[in-house]
Amino acid sequence: MSKTRQSLNLTVQTKTLRLGFVPLTDCAPLVVAHELGLFRKYGLRVSLSRELGWATIRDKVIYGELDAAHAVAGMPVATTLGLGSIPCDCVTALVLNLHGNAITLSNELWRRGVRDAATLREEILQSRGRQTFTFGVVHSFSSHNFLLRNWLSAAGIQPDRDVRIVVVPPPQMNANLKAGHLDGFCVGEPWNSMTVEARTGWIVATSAELAPGHPEKVLIARREFAEKRAGQHEALVAALLDACEICDTADGRDEAAAILARPEYVGVPEAVLRRGLSGPLDFGKDRVRTVSDFCIFHGHDANEPSGDKAAWILQNVRTSGLCTEPSAINFQLGRRIFRSDIFEKAARLRSSTPNPHTNETPLEPHLAHV
């Protein structure tokens, strides 16, 4: 090997990757990979950066302050098209989880007799001219926005006419509900459960019920990073695939809850985190039940950024009215952004490493190219 090649490999292996996350239960694969040494197993140095919300994640990815990040599944599409930000070509080679969200409503709506979307519509009609109800979502191009809008629309509530929908960072949902700024919201765990725990709201529906199999969070990266540092990118996806598999086991979910409870990660009680990881889920108002598929990290072909997952995101972006040029949202765009080819390379890389459930010594770094 030439001295130049040796120098390049040394640079790749020692350069620290900056990986962002928002404090949510479904950041578990990133945190577990970091804490269990799975990044080191693939020769990576990774620094995790906790961010308040998705706008910060997006901007830091665009401007290169983060190399990759935990992101809502619609973000790579919106960022590539320049919807809500400057355009920046982004890709995803990994779906981190399916489901994991819920719609939570205020105690005041319960007091008024609201129990589901149909009774919410009745309350909206009765309050017309006196009150406009406000609902929070975490990002305009998140599944939360799509799920909430579809839930409202199915009951005959027009999202752009009958209610107000605003963007609020996930950790701030409960405080805004308690203060009366919101009448409800759609958010990922543990923020629904924290609201139930605080007795300021109750869960009316889960995303597993509303859109079975929907992609939730993905790993976002700039196309430039994915191409110029392909070895690191593929190793990163492989490490996170290991972590996703661990997080989908009973023991892994228990360990994830204990780690996420730490203040540098999510920082809420472990018992509350367990509700969205292993259940049972407390819906509030004396309703507790098990939702076995509430959040899926690895099973059901969860992780491949496949055409059907891309299609779900693209269809919802198109029908949301958030893109002024719907023709730009097409099959070719989906293939450019949702990179099954990179996912397959990472899967092959995994096959040459020890099983994450064993105690075998990690292999040497697998960074074959820059």
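The values are calculated or read from the model by the stated rules, or taken from the named source; none is laboratory data. Being a predicted model, the structure only gives us computed values, none of them experimental. Glycine gets a Cβ as well: all are built from the backbone with ideal geometry, and neighbour counts include every protein chain shown. The area values use the complete protein model at the heavy-atom level, side chains included, leaving out ligands, DNA and RNA. Shrake-Rupley method; radii C 1.70, N 1.55, O 1.52, S 1.80 Å.
Matching residues to (1) polar (S, T, N, Q); (2) farther than 14 Å from PHE294 by Cβ; (3) assigned to a helix (DSSP H, G or I); (4) open to solvent by 30 Å² or more (accessible area, probe 1.4 Å):
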site: ALA238; (1), (2), (3), (4): no, yes, yes, no
site: GLU245; (1), (2), (3), (4): no, yes, yes, yes
site: ASP251; (1), (2), (3), (4): no, yes, yes, yes
site: GLU255; (1), (2), (3), (4): no, yes, yes, yes
site: PRO263; (1), (2), (3), (4): no, yes, no, yes
site: VAL266; (1), (2), (3), (4): no, yes, no, no
site: ALA271; (1), (2), (3), (4): no, yes, yes, yes
May I ask you to list the residues in the stretch 201-232 that are buried (at least 20 other Cβ atoms within 10 Å of the Cβ), out of contact with any strand residue (DSSP E or B) (no Cβ under 6 Å at 6 or more places or on another chain) and more than 25 Å from PHE141 (Cβ to Cβ)? ARG229, GLY231, GLN232
Per the filter on the stretch 234-274, residues within 20 Å of ALA302 (Cβ to Cβ), in contact with a Pro (Cβ under 7 Å, 6 or more places away or on another chain) and not aliphatic (A, V, I, L, M) are ASP242, CYS244, GLU245, CYS247
Quick check on the stretch 48-59: of everything there that is among the aliphatic types (A, V, I, L, M) and in contact with a Pro (Cβ under 9 Å, 6 or more places away or on another chain), which residue is surrounded by the fewest Cβ atoms within 10 Å (Cβ to Cβ)? LEU52
I'd like the full set of residues that are farther than 19 Å from VAL317 by Cα and either modelled with pLDDT under 95 or open to solvent by 10 Å² or more (accessible area, probe 1.4 Å) (or both), limited to the stretch 60-105. LYS60, ILE62, TYR63, GLY64, GLU65
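Which residue, of ARG115, ARG121, ARG130, is open to solvent by 40 Å² or more (accessible area, probe 1.4 Å), assigned to a loop (DSSP other than H, G, I, E, B) and in contact (Cβ under 8 Å) with a residue 24 or more places away in the chain? Give the derivation first.
Working: ARG121 fails: assigned to a loop (DSSP other than H, G, I, E, B); ARG130 fails: in contact (Cβ under 8 Å) with a residue 24 or more places away in the chain.
Step by step, each of ARG115, ARG121, ARG130 is checked, and only ARG115 is open to solvent by 40 Å² or more (accessible area, probe 1.4 Å), assigned to a loop (DSSP other than H, G, I, E, B) and in contact (Cβ under 8 Å) with a residue 24 or more places away in the chain.
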(1) outside any helix (DSSP H, G or I); (2) farther than 19 Å from LEU236 by Cα: which one isn't true of ALA55, the others all being true? (1)
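When residues of the stretch 18-40 are filtered for being in a helix (DSSP H, G or I), buried (at least 23 other Cβ atoms within 10 Å of the Cβ) and not polar (S, T, N, Q), how many remain? Walk me through it before giving the result.
Within the stretch 18-40, the subset in a helix (DSSP H, G or I) is 25-35, 38-40.
Going one step further and asking which of them are buried (at least 23 other Cβ atoms within 10 Å of the Cβ), we end up with 25-33, 38-39.
Next, only the ones that are not polar (S, T, N, Q) stay: 26-33, 38-39.
Here the count works out to 10.
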